[in-house]
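Visitor: Pasting a structure here, questions to come.
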Amino acid sequence: MALTADEVRYIARLARVALTGDEVERMREQLSNILDHFQALNDVPTDDVPPTAQSLDLANVDRPDQTHPPADREQVLANAPRRENGFLRVRAVLEA
Amino acid sequence: MTTKARTEYEVVVGVEVHVQLKTRSKMFCACPRDYYNAEPNTHVCPVCLGAPGVLPVINREAVHFTILAGLAMGCEIPAESKFDRKNYPYPDLMKGYQISQYDRPLCVGGALEIEGDDGPKTVRLERIHLEEDTARLLHRDDGAEPYSLIDVNRSGVPLMELVTKPDMRSGHETAAFLRTLRQLLRYLEISDADMEKGSFRFDVNLSLRPRGTQPLGTKVELKNMNSFRSAQRGVEFEVQRQSAILESGGRILLETRGFVDATGETASQRSKEEAHDYRYFPEPDLPPLRIPAEEVAALRERLPELPDAKRARFEREYGLPHDEAALLAETRARAGAFEEAVRAAGDPKRARAVAHWLIGDVARHLNALGADAELADTRVTPAHIGELARLVEERTVTASSAKEVLDAAFESGEMPAAIVEARGLRIVSDAGAIDEVARRVIEANPKAVDDYRGGKESAIKFLVGQVMREMRGRADPNGATEALRSHLEAGR
């Protein structure tokens, strides 16, 4: 299943990844290969299998409404490249 | 040149409301949900922080709260529901996706009855689904660069989203829907539904069409309204703006506009209008929810008496007029206080008097405390109100002394009967004492006496007032009127 260069650019934009022309071509090949790989699933007969959004035979995995102490703020912020007054700090991102 | 008849336009409005649910813990982790006034990033754990490898687990109470809302509005509760990932990159989303519900929401259809422009009106719902709130961003600029500060406390708070069908036809109806919805949510005690705290937020979708036609016009989305009044003003402004454009032959742009409170106008938010592509897919970390009929039935049992039913019962059971019953049923706390006070008054016939105290002088005291103050926030209890109504009806105190008793009760929390005794406010019915004062009042007010004798019957009210004043409000008004009348007639 070959993707077009336009489709690759569209997906890149959704992911907010900037690609050069070379990279678009490289990604087009790699993503197409991945899709081809998963085409194998289409060969599995599924006529007798009811549609599901879940591969596990589970339902209602939930919990009662109880609280636990949250993490220590120092730990929460430990890996943040930048912080300010207890907040995480990031560059301004404009909505697309 | 011929003048074309002005086309009359009709506005078609639908709303989307986001409601934070009042659970103890967050939607998918056990962090405390209530972050109000908390220091930033102190209600956070690896799950709501979106750390790699963590597993969300559904808060069953949040599911129940959403179903309760659905049942209260007559929604269908499908037997199976699921969560999906809504993907978009923005710093308020810690994982890069929001866990939401796409095609299998918890509640489908339903409706809410509101007071429309032409009487009662049904606003139909599209759906109600459950999702997680995002982190809160504060936009800053330190001169070197614009940047954002992130507080993750709000991330993962259970958020219920309700979408209506385009059934409202004016700014007023839009505000009426939002008010009615907020009242219902508070009755259900599933949310504070407090706009200032951000637990009740809404967007409005609207379009104009020539009145009497069916096809919908170009949709405009309105944001940034943070009061019922701004919702109404925002819609009304758009009706004017869009009518003017259509009248002059222009076209309406499909766009998002922000309401500006200071001017009452809306401004384009200039976001490129392209269809969002959220790449929804089933949340692999969350197996589906099955909601058995017994569970729905048990939740139905949990539904309290709802505002409309309560109001109707107050009219029927206590003989209250519609408006008074509606005022008392406005909040569950007020309605509860009313019925408790009626019981304390010892006779359902005193309900009308109890209602008047609550709607009148008690409301005045509460308003002084703040918009959402309830009786429970004061030292006065329903037992106080009931006792006061009883004392007035049994003619132990006059109506005017009773106001003083109530003020004193708000001050000290003492029971009315005790205040009456301590302050010597017991009604004076002793004919001799009243007669004595009546005689003095007549001597001191020759003008009013002449008026009365000259046929101005109402002059006696002034004289009664004078007797009351002399006796510090304690005189039995009937006794005072009688005493005055007998002196006035005798001296004719």
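Visitor: Check whether at least one residue in the stretch B:1-23 is out of contact with any strand residue (DSSP E or B) (no Cβ under 7 Å at 6 or more places or on another chain), at pLDDT 95 or above and within 11 Å of another protein chain (Cβ to nearest Cβ), and report yes or no.
Guide: yes
Visitor: With the checklist (1) within 18 Å of B:A69 (Cβ to Cβ); (2) in contact with an Asp or Glu (Cβ under 6 Å, 6 or more places away or on another chain); (3) not hydrophobic (A, V, I, L, M, F, W, C) in hand, flag the one item B:N205 doesn't pass.
Guide: Here B:N205 meets the rest and fails (1).
Visitor: State which residue is farthest from the other protein chains (Cβ to nearest Cβ) when the search covers only the stretch B:25-44 and only residues that are free of Cβ contacts under 8 Å to residues at least 60 places away in the same chain, within 29 Å of the chain's Cα centre (by Cα) and closer than 12 Å to B:V157 by Cα.
Guide: B:D34
Visitor: On the given criteria, is A:D65 over 26 Å from B:P56 (Cβ atoms) and free of Cβ contacts under 8 Å to residues at least 40 places away in the same chain?
Guide: no
Visitor: Also, quick follow-up: Which numbered condition in (1) more than 14 Å from chain A (Cβ to nearest Cβ); (2) surrounded by fewer than 22 Cβ atoms within 10 Å (Cβ to Cβ) is the only one that B:L162 fails?
Guide: (2)
Visitor: If you don't mind, there's one more thing I want to ask. When the stretch A:52-96 is examined, which residues are found to be more than 7 Å from chain B (Cβ to nearest Cβ) and surrounded by fewer than 11 Cβ atoms within 10 Å (Cβ to Cβ)?
Guide: A:S55, A:D57, A:P69, A:E74, A:A78, A:N79, A:P81, A:N85, A:L94
Residue-wise test of (1) within 30 Å of B:G53 (Cα to Cα); (2) β-branched (V, I, T); (3) within 17 Å of the chain's Cα centre (by Cα).
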| residue | (1), (2), (3) |
| --- | --- |
| B:P321 | no, no, no |
| B:A325 | no, no, yes |
| B:V342 | no, yes, no |
| B:T381 | no, yes, no |
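Visitor: Moving on to the next point. Checking the condition within 30 Å of B:R85 (Cα to Cα), hydrophobic (A, V, I, L, M, F, W, C), crowded, with 17+ Cβ neighbours inside 10 Å and assigned by TED's automatic domain parsing to the domain that holds B:Q98, which residue from B:V235, B:V204, B:V239 passes?
Guide: Step by step, each of B:V235, B:V204, B:V239 is checked, and only B:V204 is within 30 Å of B:R85 (Cα to Cα), hydrophobic (A, V, I, L, M, F, W, C), crowded, with 17+ Cβ neighbours inside 10 Å and assigned by TED's automatic domain parsing to the domain that holds B:Q98.
Visitor: Going through the stretch B:83-111 one residue at a time, which ones are crowded, with 21+ Cβ neighbours inside 10 Å and either more than 24 Å from B:V152 (Cα to Cα) or of a type outside the set (A, V, I, L, M) (or both)?
Guide: Within the stretch B:83-111, B:F83, B:D84, B:Q98, B:Q101, B:P105, B:L106, B:C107, B:G110 qualify.
Visitor: I would also like to ask the following. Looking at chain A, what helices (runs of 4 or more DSSP H) fall wholly within it and have at least 2 residues that are acidic (D, E)?
Guide: A:5-14, A:21-38
Visitor: Which ones in the stretch B:45-73 are facing chain A (nearest Cβ under 7 Å), surrounded by 20 or more Cβ atoms within 10 Å (Cβ to Cβ) and in contact with a Phe, Trp or Tyr (Cβ under 9 Å, 6 or more places away or on another chain)?
Guide: The answer is B:I58, B:N59.
Visitor: Same structure, new question: List, please: which pairs have Cβ atoms under 8 Å, are six or more places apart or on different chains, and start with a residue in the stretch B:279-292 that is at the interface with chain A (Cβ under 9 Å from one of its Cβ atoms) and end with one that is basic (K, R) and surrounded by fewer than 19 Cβ atoms within 10 Å (Cβ to Cβ)?
Guide: B:P288/B:R104
Visitor: Among the residues of the stretch B:86-96, what is the count of those that are more than 10 Å from chain A (Cβ to nearest Cβ) and either under 33 Å from the mean Cα position of the chain (by Cα) or hydrophobic (A, V, I, L, M, F, W, C) (or both)?
Guide: Total meeting the criteria: 2.
Visitor: Another question about this same structure. Return the total of residues in the stretch B:97-115 being over 30 Å from B:A309 (Cα atoms), within 32 Å of the chain's Cα centre (by Cα) and outside any loop (DSSP other than H, G, I, E, B).
Guide: The number of residues fulfilling the criteria is 3.
Visitor: Among the residues of the stretch B:306-318, are any surrounded by 20 or more Cβ atoms within 10 Å (Cβ to Cβ) and touching a Ser or Thr at 6+ places or on another chain (Cβ under 6 Å)?
Guide: Within the stretch B:306-318, not a single residue is surrounded by 20 or more Cβ atoms within 10 Å (Cβ to Cβ) and touching a Ser or Thr at 6+ places or on another chain (Cβ under 6 Å).
Visitor: Right, here's the next one. For the stretch B:38-87, name all the residues that are assigned to a loop (DSSP other than H, G, I, E, B) and within 17 Å of A:D72 (Cβ to Cβ).
Guide: Result: B:A38, B:E39, B:P40, B:N41, B:T42, B:H43, B:V44, B:C45, B:A51, B:V54.
The values are calculated or read from the model by the stated rules, or taken from the named source; none is laboratory data. Note that this is a predicted model, so its numbers are computed, not measured. Heads up, the Cβs are rebuilt from the backbone with ideal geometry, glycines too, and the neighbour counts pull from every protein chain shown.
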